[in-house]
Amino acid sequence: MSSFFAWLSRLRLIRRWGLMHTTQPENDAEHSLQAAMIAHGLAVLAKERFHKDVSPEHVATLAMYHDVGEIFTGDLPTPVKHHDAVIHEAYSRMEQQALQKLLHTLPEDLQPAYHAYLQPDETAYEWQLVKAADRISAYSHCMEEMRTGDREFADAAQSILQSIQAIDLPEVQMFMQEFSDAFACSLDALGGKL
């Protein structure tokens, strides 16, 4: 019996934004889906508009699995994770151990097929797109919270936006230019009426 997919189903139990008051709680499963859709969109922009040799489907799958280690570690809040180098290094080691444990819950013959997603090459261009999508997803959540009047997310939104603006990938900046403002719109402003 393999517990791999049973473990993955627990992503919905891992809450994000642990130190912040939220009007709309978010879990890792929701975040992973949104990050995968955004990562796919970034890769499509890269391929179609910048003629880069990239597989949007591969990038989306990488993003889908990008936080699965948190099934075992939980989502450590960013201010804690990045407080100092010792904490960051220890948490990174713990995440790698969690990903190894998860990989080994698969039948042995399937492990190679999942290795690239659970132990990705973090220097690869595709991973840069995933990390950008992760940041854009976090920014979208901040915008949605602020739209409902939750000012708790104003500083986070500004900090995350600055980190996105510092990403030196034209497809990321194009995505922000073309799509990000809509995250702050109401349903009617999005054209929600049929």
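Quick notes on this structure:
- His115 vs. criteria exposed (fewer than 14 other Cβ atoms within 10 Å of the Cβ), part of a loop (DSSP other than H, G, I, E, B), without any contact (Cβ under 8 Å) to a residue 40 or more places away in the chain and out of contact with any strand residue (DSSP E or B) (no Cβ under 6 Å at 6 or more places or on another chain): no
- Filter result (open to solvent by 20 Å² or more (accessible area, probe 1.4 Å) and assigned to a loop (DSSP other than H, G, I, E, B)) within segment 31-66: His51, Lys52, Asp53, Ser55, Tyr65, His66
- Members of segment 1-30 found to be hydrophobic (A, V, I, L, M, F, W, C) and either in contact with a Leu (Cβ under 9 Å, 6 or more places away or on another chain) or in a loop (DSSP other than H, G, I, E, B) (or both), listed by number: Met1, Phe4, Trp7, Leu8, Ile14, Trp17, Leu19, Met20, Ala29
- Scanning segment 89-112 for residues that are part of a helix (DSSP H, G or I), open to solvent by 30 Å² or more (accessible area, probe 1.4 Å) and touching a Phe, Trp or Tyr at 6+ places or on another chain (Cβ under 9 Å) gives Met94, Glu95, Gln97, Lys101.
- Against the list (1) hydroxyl-bearing (Ser, Thr, Tyr); (2) part of a loop (DSSP other than H, G, I, E, B); (3) within 19 Å of the chain's Cα centre (by Cα), the condition Ser186 fails is (3).
The values are calculated or read from the model by the stated rules, or taken from the named source; none is laboratory data. This one's a predicted model, so the numbers in the text were calculated from it and none came from an experiment. Ideal geometry is used to build each Cβ from the backbone, glycine not excepted, and the neighbour counts take in all protein chains shown. These area figures cover heavy atoms from the full protein model, side chains too; ligands, DNA and RNA do not enter into them. Shrake-Rupley method; radii C 1.70, N 1.55, O 1.52, S 1.80 Å.
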